[in-house]
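Here the structure comes first, spelled out in structure tokens, and everything after it is commentary.
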Amino acid sequence: MISQELLEVLACPRCHTRIEFREPDVLRCPNCKVRYPVVDGIPVMLIEEAIPDGKERAD
Amino acid sequence: MKSKDLYPAVFSRYAEVYQKRLESIMSRRESRSRLRLIELVGAQPGMRIIDLACGPGTLTRVLAADVTPGGEVVGVDLAPGMVELARRSSPPNASFEVMDIEHLAFADGVFDAAVCGHGLQFVPDLDQALRETRRVLRQGGTFAASVPLSGLKESVWELIDSVVDRHLPPPPEIADARETRATVRDAGALESAAAGAGFGEVSVEAIEEAVVWESAEQLVSMFMGWWDFAYRIEGLDERSRQAFMDEATEVVRRQHPGAIKTVGRNLVLSAR
């Protein structure tokens, strides 16, 4: 996974709000209310891959 | 066809061949334009650097060593297969993420420097990518980027192209990055684009890279596995591939019986 220092500067690719990372492997934008998936340990920080709160990843 | 529908998938499929080739030209110091990026950003211990369109992480790893101790490097690429490969041999102070350089997932001003080795030519919205790069850099942080020029047509590549034309239809046209390709291959236009994105001091230099190939066989075999040709021959059966390889090798060898030297030209942007 990525370092603590980097997690602290990670921002939402759509609105640039700082990403919340309370649980492991959950990267959430509190402003857009979406989560960015972490696939095999790799954060996928793409606007089109964002998962709205309350939904599961569709794949 | 659109850039983002083609390139990430193709680069993911051919990531390993790409890595092998890139590491070979880097270790022999033939990739002078990429080495120049490392000089331009002046990586020092403690710095935080972003490697845009990092591919298999070849530059990322060099930079990660340069910023040790205390620094870190992030490599981002739109091709998941490249990011996966990069992560396999990642030093502890490097990390890799799937990211679109038109929409970077970082807060403003958090990097001391940014590099992009041979990546800008693939970005449909170049201005947006340059503005994003400027945004995530701190004030005075340097951005250095290399792009290949296709202008100088070497006879050996023309020889291979003539064989390709006999065997294959033309490649799909990637129209959404046409303007980008024209801009990055014109020093003045590239400088203007960087200035327009908010960079103050901007300069572009041309760098030639000589590459030596052991033989016609080696050159043709590399060409066939390289992403921009490999995906075009995915539909060909083994016999047709062999026929292409034999013909291309023969055509090249007739004019270049021994080792072959090719020269590629690149532009390197430095902006801060």
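Rule-based calculations on the coordinates, nothing more; no lab input. This is a predicted model, so every value here is computed, not measured. Cβ sites come from the backbone with ideal geometry, for glycine too, and all protein chains shown count toward neighbours.
Have a look at the DSSP beta bridges in chain B and tell me what percent are antiparallel, nearest 5. Before the final figure, lay out each step's value.
Details: 20 of 40 bridges.
Bridges in chain B are about 50 percent antiparallel.
Scan the stretch B:147-214 for GluC sites (Glu not before Pro) in coil per DSSP, keeping those whose Cβ has at most 14 other Cβ atoms within 10 Å, and list them by number. Each step should come with its number before you reach the end.
On the way: sites: B:E154, B:E158, B:E173, B:E179, B:E191, B:E201, B:E205, B:E208, B:E209, B:E214; in loops: B:E154, B:E173, B:E201, B:E214.
Here the sparse-neighbourhood loop sites are B:E154, B:E173, B:E201, B:E214.
Which three extents, in angstrom, do the Cα atoms of the stretch A:4-52 have along their principal axes, listed largest first?
Result, largest extent first: 21, 20, 15 Å.
Among the trypsin sites (Lys or Arg not before Pro) within the stretch B:1-92, which fall in a DSSP loop and have no more than 13 other Cβ atoms within 10 Å of their own Cβ?
On the way: sites: B:K2, B:K4, B:R13, B:K20, B:R21, B:R28, B:R29, B:R32, B:R34, B:R36, B:R48, B:R61, B:R87, B:R88; in loops: B:K2, B:R28, B:R29.
Sparse-neighbourhood loop trypsin sites (Lys or Arg not before Pro): B:K2, B:R28, B:R29.
What is the Cα radius of gyration of the protein assembly as shown over 2.2 N^0.38 Å, N being its residue count?
Values: Rg = 20.5 Å, N = 331, 2.2 N^0.38 = 20.0 Å.
My calculation over the Cα atoms of the protein assembly as shown gives 1.03.
What percentages, rounded to whole numbers, describe P(r) for the stretch B:1-143 computed over all alpha carbon pairs with 5 Å bin width beginning at zero?
With a bin width of 5 Å, the distribution comes to 2, 11, 20, 25, 23, 13, 5, 1, 0.
Near B:R253, within a Cβ-to-Cβ distance under 14 Å, what is the net charge of the other residues, with Lys and Arg +1 and Asp and Glu -1?
-4
Ratio of alpha-carbon Rg to the 2.2 N^0.38 Å globular estimate for the stretch B:128-228, to two decimals, please. Let's see the in-between values first.
Working: Rg = 17.8 Å, N = 101, 2.2 N^0.38 = 12.7 Å.
So the stretch B:128-228 has a normalised radius of gyration of 1.40.
State the Cα centre-to-centre distance between the stretch B:82-119 and the stretch B:12-34 in whole Å.
17
Got a sec? How would B:Y7, A:Y36, B:Y231 order by Cβ neighbour count within 10 Å, fewest to most?
Numbers: B:Y7 22, A:Y36 25, B:Y231 18.
Ascending Cβ contact count within 10 Å gives the list B:Y231, B:Y7, A:Y36.
Percent antiparallel among DSSP beta bridges with both residues in the protein assembly as shown, to the nearest 5?
Values: 30 of 51 bridges.
Roughly 60 percent of the DSSP beta bridges within the protein assembly as shown come out antiparallel.
How many Å³ per residue does the convex hull of the Cα positions in chain B occupy? If you can, show how the numbers build up before the last one.
Values: hull volume 31.5 nm³, N = 272.
Dividing the Cα hull volume of chain B by its residue count gives 116 Å³.
Mind listing which trypsin sites (Lys or Arg not before Pro) in the stretch B:113-190 are in a DSSP loop and have 14 or fewer other Cβ atoms within 10 Å? Walk me through the numbers on the way to the answer.
Numbers: sites: B:R131, B:R134, B:R135, B:R138, B:K153, B:R166, B:R178, B:R181, B:R185; in loops: B:K153, B:R185.
Sites meeting the loop and neighbour criteria: B:K153.
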